[in-house]
Amino acid sequence: MNTATNLIDDLRILEAPHPWSYWAWWAGAAVVLAAVVFWWLKLQQARSNKAVPLAAAHAHEDALAALERARALIQPGNSKAYAIEVSGIVRRYIENRFGIRAPHRSTEEFLEEAKVSPKLEPGYQQSLGGFLIGCDFIKFARGIAELAELETLHGAAVRFVTETKISSPATGGVPVASKVEAAR
């Protein structure tokens, strides 16, 4: 039989609840999770920082090789295909070398961003603008160009890529584009 004294004696056996212990476990787990996420983000950032200079350093080699392959399209009957290909090559080079998003933008959008970007010198912006507008004219307006026009476009693309490539230790740390400017 339970009496009031037996009930009180039974309650003395129970411990008082400690609500902070559950919160401590959850807070500890959250801190550990936050630390793991922070470490993972830093690791990803370090990997991407290493990959960007490497891609930029070799961007001119890739672009020059692609331009050489595109040379096979230089014929008046392939004008439009050539202009599309060469424009795409130069736009990918710009994105890889300068970090300016070019392949998925119109020429006007890209040139507006290039004007405010300190990464691309004004002289190169003008020559690049002329090149891209020439490609657009062939792609969208004419469709057929003379052999001399195609050779001029090809020469402008090759010249832009070679003049804006990243300097190598062989150039003494001076960008190739700056040496070309100094020689003039």
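The values are calculated or read from the model by the stated rules, or taken from the named source; none is laboratory data. Because the structure is predicted, anything quoted here is derived from the model rather than measured. FYI the Cβ positions are ideal-geometry reconstructions off the backbone, even for glycines, and counts take in every protein chain you see.
Going through (1) out of contact with any helix residue (DSSP H, G or I) (no Cβ under 6 Å at 6 or more places or on another chain); (2) crowded, with 16+ Cβ neighbours inside 10 Å; (3) over 17 Å from D62 (Cα atoms) one by one, E109 falls short only on (2). Looking only at residues of the stretch 138-151 that are in a helix (DSSP H, G or I) and in contact with a helix residue (DSSP H, G or I) (Cβ under 8 Å, 6 or more places away or on another chain), we find that the one that is farthest from A59 (Cα to Cα) is R142. Residues that are basic (K, R) and either over 15 Å from A70 (Cβ atoms) or touching a Pro at 6+ places or on another chain (Cβ under 7 Å) (or both) within the stretch 126-158 comprise just one, R142.
Of the residues making up the stretch 75-84, one or more are more than 22 Å from V161 (Cβ to Cβ) and either of a type in the set (G, A, S) or free of Cβ contacts under 8 Å to residues at least 24 places away in the same chain (or both).
Inspection of the stretch 105-125 identifies at least one residue that is in contact with a Ser or Thr (Cβ under 8 Å, 6 or more places away or on another chain) and not hydrophobic (A, V, I, L, M, F, W, C).
G172 satisfies every condition listed in (1) at pLDDT 80 or above; (2) over 19 Å from A59 (Cα atoms); (3) not hydroxyl-bearing (S, T, Y) except (1). In this entry, F140 passes the filter for residues that are surrounded by fewer than 19 Cβ atoms within 10 Å (Cβ to Cβ), at pLDDT 85 or above and not charged (D, E, K, R).
Scanning the stretch 119-137 for residues that are surrounded by fewer than 17 Cβ atoms within 10 Å (Cβ to Cβ) and in a helix (DSSP H, G or I) gives P122, G123, Q125, Q126, S127, G129, G130, I133, D136, F137. For the stretch 121-145, name all the residues that are over 21 Å from I94 (Cα atoms) and in contact with a Leu (Cβ under 6 Å, 6 or more places away or on another chain). Answer for the stretch 121-145, where residues must be over 21 Å from I94 (Cα atoms) and in contact with a Leu (Cβ under 6 Å, 6 or more places away or on another chain): there is none.
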